[in-house]
Amino acid sequence: MHFDTLGRSVQQCLAPDQLALWPAVLDQAEAECLYGQLKEQLNWTQPELTVFGKSHPIPRMQAWVGDPEAHYTYSSRPFAPAPWHPLLQGLAQQLSAFFKQPFNSVLANYYRDGKDHMGWHSDDEPELGPVIAMISLGAQRDLAFRPRGPGASFKVALPSGSLLLMGPGLQQGWQHGLPNRARVTGGRISLTFRQVKALRERA
Ligand SMILES: O=C(O)CCC(=O)C(=O)O
Ligand SMILES: [Fe+2]
């Protein structure tokens, strides 16, 4: 566990089962190889989102992969997963065993450069399990967190090959987003492993 890499201020407001970072679960060569393969081989799309009646393409690319029953709503839009990529399925099995969580799907995000980003949100849809495990590949970016109520915000730098755990309760108390970084020219892929409960399991 390398929880101390999150810094003291984060440790004061969040327990390690809510937010934890492992800076190097993949070595640099592995992370680079995985980045190259997924960038080429996943079926990246750039869906449109409607905000205040106007539709805009999302400011990044994405690919949704998983078990066929892992239908998922993201920003109020339904997504059906593409079949597993073998590299993602292998990682999902390892992460499921490590965290004792049945991850059955991955939302992969591809930020082509520092202009691509993700706005503030919580991954708190009712069909989602309480734990998200995220692997980062490629250019280092900051993930920003802000409390839903009063309190201080903070950022976590996510190096290539790192693993971030977002655990039970985090989404209810906090929002997160990936801000622009004008000076970043390289691409980044984040792999967000999730449990999507089938309809019959939903509360
Ligand atoms: O790419 C990231 O670091 C954040 C991704 C994220 O928040 C999401 O997929 O919900
Ligand atoms: Fe998220």
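Overview of results
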quantity: Simple label model, 7 Å out from Cα along Cβ direction - SER96 to SER55, nm; calculated: 3.4 nm
quantity: Restricting region 114-203 to trypsin sites (Lys or Arg not before Pro) in coil, as DSSP defines it, with at most 14 other Cβ within 10 Å; calculated: LYS115, ARG148, ARG183, ARG202
quantity: The chain: relative contact order in percent, alpha carbon pairs under 8 Å with at least 6 residues between; calculated: 28 percent
quantity: Candidate lysines for bridging to LYS115, where Cα separation is under 24 Å - those fewer than 8 sequence places away on the same chain excluded; calculated: LYS39, LYS54, LYS155
quantity: The chain - percent of accessible surface contributed by carbon and sulfur, probe 1.4 Å; calculated: 54 percent
quantity: Highest-fluctuation residue, GLU30, GLU40, GLU69 considered, GNM on the chain with Cα pairs under 10 Å; calculated: GLU40
quantity: Three-way shape label, region 90-203, alpha-carbon gyration tensor, a/c 1.5; calculated: oblate
quantity: For region 153-203 and region 15-82, distance of Cα centres in Å; calculated: 9 Å
quantity: Integer Hz, Karplus 6.51/-1.76/1.60 couplings in order for region 63-71, x for Gly and Pro; calculated: 9, 10, 10, x, 4, x, 7, 7, 5
quantity: Extension gain from GLU125 to GLN37, taking 0.36 nm per residue of separation minus the Cα-Cα distance; calculated: 28.7 nm
quantity: Where only alpha carbons of the chain are counted, the Rg and the Dmax (Å); calculated: 16.1, 46
quantity: Average accessible area per residue (Å²) across region 3-201 - probe 1.4 Å, nucleic acids and ligands excluded; calculated: 49 Å²
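The values are calculated or read from the model by the stated rules, or taken from the named source; none is laboratory data. None of the values given here were measured: they were computed from a predicted structure. Glycine gets a Cβ as well: all are built from the backbone with ideal geometry, and neighbour counts include every protein chain shown. We work out accessible area using only protein heavy atoms, side chains counted, and drop any ligands, DNA or RNA first. Shrake-Rupley method; radii C 1.70, N 1.55, O 1.52, S 1.80 Å.
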